[in-house]
Each structure stands twice: as structure tokens, then as C-alpha cells.
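Enquirer: Quick one: the structure is below, questions incoming.
The values are calculated or read from the model by the stated rules, or taken from the named source; none is laboratory data. This one's a predicted model, so the numbers in the text were calculated from it and none came from an experiment. Quick reminder, even Gly has a Cβ in these numbers, built from the backbone with ideal geometry, and neighbours come from all protein chains shown. Surface accessibility is based on the protein's heavy atoms, side chains included, excluding ligands, DNA and RNA. Shrake-Rupley method; radii C 1.70, N 1.55, O 1.52, S 1.80 Å.
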Amino acid sequence: MSSEDRKEYKEHQGHKDHEAHDDYDVVVVGGGPGGSTLAALVAMQGHRVLILEKETFPRYQIGESLLPSTIHGVCKLTGVSEKLAAVGFTPKKGGTFRWGANPEPWTFSFSVSPKIAGATSHAYQVERSKFDTILLEHAVEKGAEVRFQATVSDVTEDGERVTGVRYTDAGGTEHEVRATFVVDASGNGSRLHKRVGGTREYSQFFRSLALFGYFRGGKRLPAPNSGNILSVAFSSGWFWYIPLTPDLTSVGAVVRRENADKVQGDPEQALRALIDECPMIKDYLADTPRVTEGQYGQLRVRKDYSYHQTSFWRPGLVLIGDAACFVDPVFSSGVHLATYSALLAARSIGSTLAGLVSEEAAFTEFEARYRREYGVFYEFLMSFYDMHVDENSYFWSAKKVTRNQHTELESFVELVAGISSSEFDLDGAESAALRMKSKSAEFVSAIEEMSTDSEGNMTPLFRSSAVRQAMQEGAQVQSRAFLGEDLGPDVPMFPGGLITSDDGMLWQPGPA
């Protein structure tokens, strides 16, 4: 939307019972990490932002293991990174895996990438009730307004354009808010995702169920990796084991949809039975009581079905985070994708409101970059699952991906279709199959080389193209947040695409 179009739009809206509605530049549906991040970034540019959150904070949420690009990239841009550092969240240097042919655990360190070595080569394990509250309060400090217990029911429209939302407050009173842009950051339970058009496409392979709870203590990995997330494959699936604090551990079992019976019935018995199936987790939790009170006292089941919306935006409405797409949680990508998409969408909104680029160009760039980043993790995961070689395990069905069932690969090709990038130069399912096998073989070779290196050298892992690709964009966001214009001018990610401003906050036209 050009500045003239925006002026005409607001004048047109001014003739429509102005006193009966609130008017904002942006309404954000959902106050989680994606919504709070976008609200802060847009409010920092002087725009009027309203967050509508259906719950009250603090509130419980899963997704507790973060990546460095969120902390040292996006959160540094919003100015909240120092507040997070002061809390004392558990430092996370990487991830430790009992996965693949090697019977011994192996560790992936964030410092494997030279771009994020040193002070930024760590993330945090966070209690989301604390983390999300800090981000939301920071957005308010930056100028955003928040209304709790506000349940959004639908959008309002004027022709093809979304013009606002309707919501109900805690007392049951209905309200209407008008806005130049509506951002759906309400997660996988989004009511608004259908309003962008298109459909929600589900993965045929990444369809899992997670049963999880919390334990009072438990063993830790040896230093310096004691804060790492531990992911352990076993016959029925895999476990996450997250050291949130010295005396609190988040533990979850992920099983395929076909094994849903393993998480049904009494949840206490089901979780204990799964723990008994996995010797390493059983050992780590030996004589460790489960938390049975407070926000962590409940055993929960969640569907971890991976999906993506075929459209991420339409005029006046954009989906970010899980409202747009979700991918299997083994690589802790949930908060990363939420905050990264929030940054992309904030750049698009700010650039459009400032008249720097057209709405079409800004949100085409948003969708292409977000779709690419989702595709990177999706492809990485398919290669990663394929490396597990136990024919009796949960993961063996991944072999169908590269043998005779191409549905999943066709879906992947469609996911990244139209993205003009050498990284996704795919002709179809057959070429994708060869690509996946090659990446999986690279990964296996790197891990084998690491396991024979007594000094724990991570260089072989970074030579794996799957690893480099997954870390590339996050490292770029971190570099821009720290170095600004000293990083040098950006280059388009796609031919004819936009570039990032020196401060990382806006889009600009690329070089002619």
C-alpha cells in the first residue's frame, strides 16, 4: 500500500462511524513470542499497535529450547536481549543426540558456525511463562497496547482487503477494531488462517503425538554441555530432555500417529512405560519425582503435526509463526520461526507504512523468505530422520520417502515452488529424493568423523550442507543485529528481490 493509498484508505474509513471503533496501524492477534516481537518492532517505528491476547500472562506454554538467532539476532533488534540475559535462564551451547547408527551420544555445538562463534554461540532453555511475559512487557514498553482475555472471532473486510477484527472481552462484550494491518500470531489453533485464502497442507510423514511432563531434578550432561537439550531416539519414537533449571526438567516422548495407543489411557502409566523403553532417559530420571502441582503438574498431550498454509498473506492480513506453518520440534525451531517471521513481517509493515516499497513487494518478500526458512528446516529434518538405521524403529518409515513413496517429496517441492534459489533448484520428487539421500549421507559421514576425533572437533559437521543451510539465515540476522551498517550492504536473497536496511528494521529496493 502506497502512502497515498493509505491516506485515501484512512479517509474512507473516517466516514464509517468512526466513534464506534478503535483505530490502529496494526492489530496483532496473540501475545506469544511472534506477536510480542512484531508489536515491539512496529511500535519502535512510531506506529500504533494493539495486541489482543485471549489468555492472561503469565501463562503456560511448551517450546522451551531456543536457538541463538532468536536471542542474539531478533531480540537484540528489539532491545530485550539484555533483560533476558539478566534472568538467569539455563545457557544452551547446542544439542546432544543419541540418534543414528552411533550408539554413543554426539553433540552439535552452535560454535560450529564461524559466524556465530564466541559470545553469541549460545541460546537459553527457558520457562516460557517467564520468557513470554518478558517479551510482552517489553513490547508494551516500546509503545504497544495489550488487552488480555480478548478472543478474536473474525476479521472485518472491505472488498479484498482485511480492515480489522472483531473480538469478545472477558465480560462477553463484542468489539470491533480497525487497522491498516492485521497480524495473526495466534499459533496452531488460529481461527484466522483460512482468511488469507489457500489451504493448510499437512505433512504425510511428520505426524506425531507428544506426551510430556516435568520432573524435579534429574541427571545432567557432563560440562560444558550440561545445559544442552538431549534428544534420544528409541524404538517407539524419541524423547526430549530439557534442563530448564538445576532442579526442573522438561521431558517429552514423541511417537508417530500410528503408535497413538502408547499415549492413550492413563497418562502417568503411559509416560512411565515409554521411559522404560528408553534406557538412557530411564537412567537420567532414576529416582526423580515428577512435578505434580502448579503450572508444571499436569501431563499433557499435543499433536505435533507438521503443516504449512499455501498462502501466508493477503492485503491487510499476514500469518506469522505457527499460524502459517509448523515443523517437527526435534531441532527447537518453533520460537525461531515465530520470531524470524515476526521480523520479516515487521519489516514489510514498516516499509509499506513508510512508503518505501509497495505492499505487494514487501509481503512477497516476507512470504518467500519465511517459506524458504521453513523449507530449510523441513528438508534438514527429512535428511536427519533418514539417517536413523534401525529397521525396527519409529524412523524406519522415513525410508519410504526416498524409496518408492514420493508424496512427501512432492509436497516439499510444492512448498518451495517458485522460490528462485540455487538451494531449492528441484525438478520434482526424484531429484528431491537424491538430494535428501545425499544430505543424509553427508550428515552421517560428519558424525562418524566427529566420533573418532578425541578433541571433539566440530568442523566436519559444519561441512555438511544440511547444517550450513539450517544455520545460514539465523547467523545473518545475528550479524546484522550486532554490526548494522558495518556489516556492509545487504544483497537480495532472490533475483529482483528486496534487501534489508542497515539497521535490519526495514526493506529497501534491491540494486537496479
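Enquirer: Scan segment 63-79 and give yes if some residue there is small (Gly, Ala, Ser) and under 20 Å from PRO243 (Cβ atoms), otherwise no.
Expert: yes
Enquirer: Further question: What are the residues in segment 289-314 that are within 17 Å of PRO267 (Cβ to Cβ) and among the β-branched types (Val, Ile, Thr), if any?
Expert: Hits for segment 289-314 are VAL291, THR292, VAL301.
Enquirer: Looking at PHE212, PHE181, which is the one that is surrounded by 15 or more Cβ atoms within 10 Å (Cβ to Cβ) and farther than 30 Å from ASP287 by Cα?
Expert: PHE181
Enquirer: Conditions first: (1) part of a strand (DSSP E or B); (2) open to solvent by 10 Å² or more (accessible area, probe 1.4 Å); (3) at pLDDT 95 or above. TYR241 passes all but one, so which condition is the exception?
Expert: (2)
Enquirer: Ok, one more. Taking only segment 351-374 into account, find how many residues are in contact (Cβ under 8 Å) with a residue 40 or more places away in the chain, part of a helix (DSSP H, G or I) and over 22 Å from the mean Cα position of the chain (by Cα).
Expert: Total satisfying the criteria: 5.
Enquirer: Residue by residue through segment 442-501, note down the ones that are among the small types (Gly, Ala, Ser), modelled with pLDDT under 75 and open to solvent by less than 10 Å² (accessible area, probe 1.4 Å).
Expert: ALA446, SER464, ALA466
Enquirer: Next up: Among the listed residues LEU50, LEU41, which satisfies the condition of being modelled with pLDDT of 95 or more, among the hydrophobic types (A, V, I, L, M, F, W, C) and touching a Leu at 6+ places or on another chain (Cβ under 7 Å)?
Expert: Among LEU50, LEU41, only LEU41 is modelled with pLDDT of 95 or more, among the hydrophobic types (A, V, I, L, M, F, W, C) and touching a Leu at 6+ places or on another chain (Cβ under 7 Å).
Enquirer: Among ILE275, ILE242, ILE320, which is the only one that is in contact with an Asp or Glu (Cβ under 8 Å, 6 or more places away or on another chain) and more than 30 Å from PHE181 (Cα to Cα)?
Expert: Unique residue meeting the criteria: ILE242.
Enquirer: Among the numbered criteria (1) over 23 Å from LEU353 (Cβ atoms); (2) assigned to a strand (DSSP E or B), which single criterion is violated by ILE71?
Expert: Checking ILE71 against (1) over 23 Å from LEU353 (Cβ atoms); (2) assigned to a strand (DSSP E or B), the one that fails is (2).
Enquirer: Quick one: which strands (runs of 3 or more DSSP E) sit completely within segment 77-160 and have at least 1 residues that are at pLDDT 95 or above?
Expert: It comes to 90-92, 123-125, 145-147, 151-158.
Enquirer: Can you say whether ARG302 is open to solvent by 10 Å² or more (accessible area, probe 1.4 Å) and assigned to a strand (DSSP E or B), as far as the supplied structure shows?
Expert: The answer is yes for ARG302.
Enquirer: Given the residues ARG369, ARG347, which is the only one that is basic (Lys, Arg) and either under 30 Å from ALA210 (Cα atoms) or modelled with pLDDT under 95 (or both)?
Expert: Just a single option satisfies the conditions, and that option is ARG369.
Enquirer: Sticking with this one: Go through segment 136-169 and count every residue that is hydrophobic (A, V, I, L, M, F, W, C) and open to solvent by less than 10 Å² (accessible area, probe 1.4 Å).
Expert: 7
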